[in-house]
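To keep things clear, I will list the structure first and then write my remarks on it.
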Amino acid sequence: MDDPLSLLFLVAAATLRVATPLILCAMGGLFSERSGIIDVGLEGKMLIAAFFAAAVAATTHSAWWGVAAAIAAAEVLALLHGLACITYRGNQVVSGVALNIIAAGLTVVWGTAWFARGGQTPALEEGERLLPLFFPRAGDNILVYVALASVPLTWWIVARTRFGLRLRAVGEMPLAVDSAGISVAWLRYRAVLLCGLFSGLAGAYIAIAQNAGFSRDMTAGQGFIALAAVIFGKWRPLPTFGACLMFGLLDAVAIRLQGVRVPGIGEVPVQLIQSLPYLLTVFLLAGFIGRAVAPKAIGIPYQKEH
Amino acid sequence: MSVPAIELDGIDKSFGSVHAVRSVSLAVEKGAITGIIGENGAGKSTLMSILYGLFRADAGEIRVDGEAVQMDGPRDAIRHGIGMVHQHFMLIDSFTVLENLVLGAERGPMLAPGLAAARAELARLSRDYGLTVDPDATIADLSVGEQQKVEILKVLFRGARILILDEPSAVLTPQETDQLFRILATLKERGVTVVLITHKLREIMAATDRVFVMRQGRMVAERLTRETNPEELAELMVGRKVRLHMEKAPPHKGEVRLRAEHLGLVDERGVVLLDDISLELRAGEIVGIAGVSGNGQTELLQVLAGIRPPSGGSLTVCGRRIDRQRPGDPAEMRDLGVAHVPEDRQRQGMVAAFRASETSILGYHALPPFSQHYLLNGPAVGAHCARLMERFDVRPRVPGLRSSSFSGGNQQKLVLAREMARNPKVLLVGQPTRGVDIGAIEFIHRELVKSRDAGCAVLVVSVELDEILSLADRILVMFAGRIVGEVEGSRADERTLGLMMAGAKAA
Amino acid sequence: MTRARRPLPAWADIVLLPVVNVALAFLIVGIIVRIIGVDPFHALNLLIVGAIGSPESIGYTLYYATNFIFTGLAVAVAFHAGLFNIGGEGQAYLGGLGCGLAILALDRTLPIWLMIPVGVIAAALFGAAWAAVPAWLQAWRGSHIVITTIMFNFVAAALMVYLMVNVLIAPGSMTPQSRGFEPSAFLPRMGGNALNLSLLLALACCAAVWVFLWHTPWGYALRTMGHNPEAAVYAGTNLRHMTMLAMCISGGLAGFVGVNELMGVHHRIVLDFPAGYGFAGIAVALMGRNHPVGIVFAALLFGALQQGGAELAFDIPQITRETVVLIQGLVILFSGALVQLPRPWLQALFSFRRA
């Protein structure tokens, strides 16, 4: 138990557990952002997905129905985001902020009305959760593997398929896509829906795999860390995956370092480690460490005719 | 002529209140190079965007190979064998040549087969048309000329038999332009139909078989290129407008108010915008800068007004020397007595959402009497605006109305009034009468001459030759960022100026 | 092709469209409340009574509205400069920290008439400083202000937790909060339990913002930049300096939330007092059309919702306070991102009436 190898295993497993929702959510965000749609609303999608995953799993006693409900709920928010940003050419940041707040309110309102436990869902039983597949102590449930698979999948879609080529193009220069005779709106809607799918899975993981039920605001900023990871990964799948692992590791370490005196440094403030993802992203954006270049057309609604 | 490749019949298009294309008809001959020439804003690009399905015409018919077709989008145009090389390239900077080539023509959901096929096709096209480009190069690393080759290849790759080029030389060096014309000649040999849109006479004469001339949204002439000459085309392009007779006394020139010495301007990509510009502007004279737009006049005005610092040379304004080390800014230039009526009043000279009274102090808002004890003096601003409106006959005479609610002519009068209100030492005016109706044109011209007679040094930049001819005491002609000629106003005529503007002849 | 519709008359654009947008938000909440099994009209009635039914509840409504005025103004000032400040949450937090630190350092030496202005100024300075960093990064380094202000919200929260747990915690306290302020740092109450002089400060800020934006040369230049940066350059405005100015004012205004919360109510530094006011400020500014008068009305509505929502939750157990959060989100959605949604309907209505 105390040998270095099993410690390493534990840290790696803890990192992966924390990083899984970040990876899923970041891959979703990557699709949206590469298509030119800023997604500040990852947090909200994940939160509402977490709620419906737990609520439906508790009601139907089936983890799978929970996963399905999570995806459906996240897709509803994704479609609203698409409607606001693509069809009505609204401000993408305002839409994202609104959806986050709606999710924060709706989950508690609905949860209280449904279960009357102050916004929490009942604790989930074994059959209502996604359980570890091979290593009980590592928490390696199916969604962990899905998250790991989502990275090469995302890479493959973006780099190797027609959809990926068009996706990359529409985020850089929608006018060129339009003049090649491809629908900008339909491309972006597909990207936004993919984002909903992945953030739905991330939410389901948090509620019915990592935890055994929903509690208010349980995503606690992870959607924003995922967004930071996308930026930190320069909008590319593999570096984004790396950023998620790094941020996950930071979090796992932060928990272990709580109250521990590191020789030569003294006690490292846990909060400093926890805010490192944000600080690093800000430094990166400011060009102090490398340069993150966003898709050129990001945040700009596409208007066809004058 | 056999069945034309393309026929446009009675095409009409308006954007809001702007009537951009007025009942235009033309026929493009198969396997030939057809030119469409006209000044900026004549409607050439709009017409071609309609042909390519980017805009929908309000009226009219498009026929390809004699058959009427409906263009609902670029996809339709591509299907009918029409390809377009846009003025601003439709290339994704971060993509490779090959990726740009296949975008929208991928042949299946996976990229690999499409890319492989495209690679083979590209090799064939390169062989046939002598267009060699590295298929794996990233667009951002290519020169502008090479990027244009990619644009042409993209269009050919989609099987286009009709190629439209919109101002293709706007971004090219002269050498690259020559190379482009060789490419076009090769395409023609291989049976491709080419439509070339440009405002440059030299290019029409060098590259086309037949030329159509557009002016103010109308098709005004059609000529065989070998049967016409640059002089005639220049006249047709500019048009014989009612010559505005400006009764003005000979100038009483005073001291030098503004002197530019070897001014240069290079943008961040290294493109030379202004090249060794030297000029003098004296009190009591109007100097006109003539030139086809896009030849550095805009940038010259920006440098003279302190908006952009020069990258080389120096500028002396009323005793203050401005150069790269010690750049000026617009506020300082105003303090020195330089007033500036920008070329594009909508974008620079006013704020559409502001009330007219607010627009009437733009740039002077921090000075008394508008600003006193750190506060804007509303009544003073309102009274000032009312005075300006009165003096320049701005209608409606309502200082509280939104600036965007005024017509173009009235907006221009308001901006002009604002800049002339303080009796500036130097007055820089860009396109004084763009989008202004005839009555207002006369009024504005008279005011400019009055200002000159009062001892102001006036510099007028205009693409309207008539305007330059009727206003200027001295005329400088700009071409490709340089001053290529100087003529006394009284001795200038439209033909010589037109040729200099087209870069055909230096004085 | 759709037939061309006439644009809306100005009054409809300024008054009717926002009202329709808010009505849509309420309609959706009404439907959700109905689904939950509560009669929406009964709930609305309880909500109104809870918000303005007694002097006590009016006091709370005004106290909440004070915070909304501060953050609404903060968003609006940045917005007039063409900047989107969604860091109000963090700036409010830091404003509270500044105010609290000044008080902890000086409340035993300064008299009340000095302590209060010092606290207020410290709140503004800290809020402004927290906004100045993203502003500087945008103006000089070109990083996107939206992303940096979001990130700074989280950094602010982490910083406050660290300070409260490790540095500022009162000796012997089990909860992370500072020692209580001396009475010299208590803002005088204006009746009730929570309403205090901050409301006057908020109204003064409204007046000051109005004067600044529309009646000073700097406000003029700031609005010029927001509408048309090219014209601002033409007019001689330094866009970098103006970005800094706008964001500092914005951050300072958000910082005043700390004054209302800490000097007015808690009388010590506590955690989590910004409680979403920074984000709600976006809704307040959007609804109030970025004008101080509109912001006061929007803030009153949001304050009433906050207070009425709390009473409602007390009366009907199925409904929670978060209903108010839901309404805020929907208001942002409909009067911000989907603002164009009802326009065609209204245009059709107006065309129909004229025809």
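The values are calculated or read from the model by the stated rules, or taken from the named source; none is laboratory data. Everything numeric in this text was worked out from a predicted model, so none of it was measured. Heads up, the Cβs are rebuilt from the backbone with ideal geometry, glycines too, and the neighbour counts pull from every protein chain shown. Accessible surface areas use protein heavy atoms only, side chains included; no ligands, DNA or RNA. Shrake-Rupley method; radii C 1.70, N 1.55, O 1.52, S 1.80 Å.
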query = Across region B:81-137, what is the total count of residues that are closer than 26 Å to B:Ile197 by Cα and among the polar types (S, T, N, Q)?
reply = 4
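Being within 14 Å of another protein chain (Cβ to nearest Cβ), small (Gly, Ala, Ser), in contact with a Ser or Thr (Cβ under 7 Å, 6 or more places away or on another chain) and under 28 Å from B:Leu236 (Cβ atoms) narrows it down to one of B:Ala5, B:Ala20, so name that one.
Working: B:Ala5 fails: within 14 Å of another protein chain (Cβ to nearest Cβ).
Checking each option against the conditions leaves just B:Ala20.
Among the residues of region A:125-146, which ones are in a helix (DSSP H, G or I) and within 17 Å of A:Gly66 (Cβ to Cβ)? Break it down stepwise before answering.
Let us first name the residues in region A:125-146 that are in a helix (DSSP H, G or I), namely A:126-128, A:142-146.
The answer is A:Glu126, A:Gly127, A:Glu128, A:Ile142, A:Leu143, A:Val144, A:Val146.
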inquiry  = Condition (residue is among the acidic types (Asp, Glu), open to solvent by less than 10 Å² (accessible area, probe 1.4 Å) and within 12 Å of another protein chain (Cβ to nearest Cβ)) applied to region A:42-52: is it met by at least one residue?
reply    = no
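Looking at region C:182-239, which of the residues that are among the aliphatic types (A, V, I, L, M), under 30 Å from C:Ile58 (Cα atoms) and free of Cβ contacts under 8 Å to residues at least 40 places away in the same chain is nearest to the other protein chains (Cβ to nearest Cβ)? Quick ask: steps written out before the conclusion?
We begin by selecting, within region C:182-239, every residue among the aliphatic types (A, V, I, L, M); these are C:185, C:187, C:190, C:194-195, C:197, C:199-204, C:207-209, C:211, C:213, C:221-222, C:225, C:231-233, C:235, C:239.
Cutting the leftovers down to under 30 Å from C:Ile58 (Cα atoms) gives us C:185, C:187, C:190, C:194-195, C:197, C:199-204, C:207-209, C:211.
Imposing the further condition that a residue be free of Cβ contacts under 8 Å to residues at least 40 places away in the same chain reduces the set to C:200, C:204, C:208, C:211.
On the way: C:Leu200: 22, C:Ala204: 17, C:Ala208: 12, C:Val211: 7 Å.
Here the answer is C:Val211.
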ask   = Is it fair to say C:Leu17 is part of a helix (DSSP H, G or I), away from chain A (no Cβ under 14 Å), over 22 Å from C:Gly278 (Cα atoms) and out of contact with any strand residue (DSSP E or B) (no Cβ under 6 Å at 6 or more places or on another chain)?
value = no
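Going by what's in this entry, would A:Leu250 be described as without any contact (Cβ under 8 Å) to a residue 60 or more places away in the chain, surrounded by 15 or more Cβ atoms within 10 Å (Cβ to Cβ) and within 19 Å of the chain's Cα centre (by Cα)?
yes
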task = Determine which member of the set C:Gly90, C:Gly100, C:Gly95 is modelled with pLDDT of 95 or more and under 30 Å from A:Val293 (Cβ atoms).
result = C:Gly90
task = Identify the single condition in (1) out of contact with any helix residue (DSSP H, G or I) (no Cβ under 9 Å at 6 or more places or on another chain); (2) under 23 Å from C:Gly236 (Cα atoms); (3) surrounded by fewer than 17 Cβ atoms within 10 Å (Cβ to Cβ) that B:Gln297 does not satisfy, given that it satisfies every other one.
result = (3)
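Examine region C:313-332 for a residue that is assigned to a helix (DSSP H, G or I) and more than 11 Å from chain A (Cβ to nearest Cβ), and state whether such a residue exists.
Filtering region C:313-332 down to residues assigned to a helix (DSSP H, G or I) leaves C:313-315, C:322-332.
Remaining after also requiring more than 11 Å from chain A (Cβ to nearest Cβ): C:314-315.
Yes, because at least one residue in region C:313-332 is assigned to a helix (DSSP H, G or I) and more than 11 Å from chain A (Cβ to nearest Cβ).
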query = Looking at region B:313-322, is at least one residue without any contact (Cβ under 8 Å) to a residue 40 or more places away in the chain and aliphatic (A, V, I, L, M)?
reply = yes
key: Residues (open to solvent by 10 Å² or more (accessible area, probe 1.4 Å) and more than 7 Å from chain C (Cβ to nearest Cβ)) located in region A:90-108   = A:Asn100
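Are there any helices (runs of 4 or more DSSP H) wholly within region A:204-306 with 1 or more residues that are away from every other protein chain (no Cβ under 12 Å), and if so which?
Working: elements: A:222-232, A:237-257, A:270-285.
Once the helices (runs of 4 or more DSSP H) in region A:204-306 are filtered for at least 1 residues that are away from every other protein chain (no Cβ under 12 Å), what remains is A:222-232, A:237-257.
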request  = Please give the number of the condition B:Pro135 fails out of (1) modelled with pLDDT under 90; (2) touching a helix residue (DSSP H, G or I) at 6+ places or on another chain (Cβ under 6 Å).
outcome  = (1)
key: Answer residue from region C:158-208, given it is of a type in the set (S, T, N, Q) and open to solvent by less than 50 Å² (accessible area, probe 1.4 Å) and is farthest from C:Val265 (Cα to Cα) among those   = C:Ser173
message = Any residue in region B:104-117 that is at pLDDT below 90 sitting within a Cβ distance under 6 Å of a residue that is surrounded by 12 or more Cβ atoms within 10 Å (Cβ to Cβ) and assigned to a loop (DSSP other than H, G, I, E, B)? List the pairs, counting only those 6 or more apart or interchain.
response = B:Gly104/A:Ala180; B:Gly104/A:Gly181; B:Gly104/A:Ile182; B:Ala105/B:Arg158
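Just checking, which of B:Leu153, B:Leu131 is assigned by TED's automatic domain parsing to the domain that holds B:Ala42, aliphatic (A, V, I, L, M) and not in a loop (DSSP other than H, G, I, E, B)? Talk me through it step by step, then tell me what you get.
Working: B:Leu131 fails: not in a loop (DSSP other than H, G, I, E, B).
Of B:Leu153, B:Leu131, the one residue that is assigned by TED's automatic domain parsing to the domain that holds B:Ala42, aliphatic (A, V, I, L, M) and not in a loop (DSSP other than H, G, I, E, B) is B:Leu153.
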inquiry  = Out of everything in region B:259-292 that is open to solvent by less than 30 Å² (accessible area, probe 1.4 Å) and not aliphatic (A, V, I, L, M), what residue ends up being farthest from the chain's Cα centre (by Cα)?
reply    = B:Gly284
request  = For region A:268-284, enumerate the residues that are touching a helix residue (DSSP H, G or I) at 6+ places or on another chain (Cβ under 8 Å) and open to solvent by 20 Å² or more (accessible area, probe 1.4 Å).
outcome  = A:Val268, A:Pro269, A:Gln271, A:Leu272, A:Gln274, A:Leu276, A:Leu279, A:Leu280
Enumeration of residues in region A:109-134 that are facing another protein chain (nearest Cβ under 9 Å), hydrophobic (A, V, I, L, M, F, W, C) and touching a residue at least 12 places away in the same chain (Cβ under 8 Å) = A:Trp110, A:Trp114
message = Taking the conditions exactly as written (over 30 Å from C:Leu326 (Cβ atoms) and within 14 Å of another protein chain (Cβ to nearest Cβ)), does A:Arg160 satisfy them or not?
response = yes
inquiry  = Exactly one condition in (1) under 24 Å from the mean Cα position of the chain (by Cα); (2) among the β-branched types (Val, Ile, Thr); (3) part of a loop (DSSP other than H, G, I, E, B) is false for C:Val146; which is it?
reply    = (3)
task = Name every residue in region C:121-140 that is closer than 13 Å to C:Cys99 by Cβ, touching a residue at least 24 places away in the same chain (Cβ under 8 Å) and either touching a strand residue (DSSP E or B) at 6+ places or on another chain (Cβ under 8 Å) or open to solvent by 60 Å² or more (accessible area, probe 1.4 Å) (or both), in order of residue number.
result = C:Leu125, C:Phe126
Residue that is nearest to the chain's Cα centre (by Cα), among those in region A:168-177 that are facing chain B (nearest Cβ under 7 Å) and open to solvent by 10 Å² or more (accessible area, probe 1.4 Å) = A:Glu172
note = Residues of region B:166-216 being part of a strand (DSSP E or B) and open to solvent by less than 20 Å² (accessible area, probe 1.4 Å), in sequence order, are B:Asp166, B:Thr193, B:Val194, B:Val195, B:Leu196, B:Ile197, B:Thr198, B:Val211, B:Phe212, B:Val213, B:Met214
task = Determine which single condition A:Ile255 fails, assuming it passes every other condition in (1) surrounded by 14 or more Cβ atoms within 10 Å (Cβ to Cβ); (2) touching a residue at least 24 places away in the same chain (Cβ under 8 Å).
result = (1)
